[in-house]
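Report on the structure given below.
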Amino acid sequence: MDLADMADKQIEDRLMMALAHQSKLNASGATAGYSTTCDECGEPIPTERLKILPGCATCVDCANLLEQANRIWGKDVGT
Ligand SMILES: [Zn+2]
């Protein structure tokens, strides 16, 4: 296993957790309304990001992860 494989695995693990978390939120209807913390990891979302993307629910890191997953798996994930 090389470094790239390990990175892929980490992204995959993190994403699985994020998706599980998100489906829990969806089930409880908690996605309505604005949040200032990331839905995926719970970290605060920078105000600058919220200004650019009002109502966005993920931090930059998680948004990048989701984007990478879309690229790897070739489909939309978590929407
Ligand atoms: Zn996050």
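Read the figures in this text as sums done on the coordinates, not as results from a lab. Bear in mind that the values here come from a model prediction, so they are computed numbers and not experimental data. Heads up, the Cβs are rebuilt from the backbone with ideal geometry, glycines too, and the neighbour counts pull from every protein chain shown.
Summary of values
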{"quantity": "Spin-label model distance (nm) - residue 6 vs residue 48, 7 Å beyond Cα toward Cβ", "calculated": "3.1"}
{"quantity": "Local electrostatic count at residue 40 - Lys and Arg +1, Asp and Glu -1, tallied over other residues with Cβ under 10 Å", "calculated": "-2"}
{"quantity": "Within the stretch 34-79: Cβ-based charge dipole about Cα centre, in debye rounded to nearest 20 (Lys, Arg +1; Asp, Glu -1)", "calculated": "140"}
{"quantity": "Contact order normalised by residue count of the stretch 34-79, Cα under 8 Å, 6+ apart, percent", "calculated": "33"}
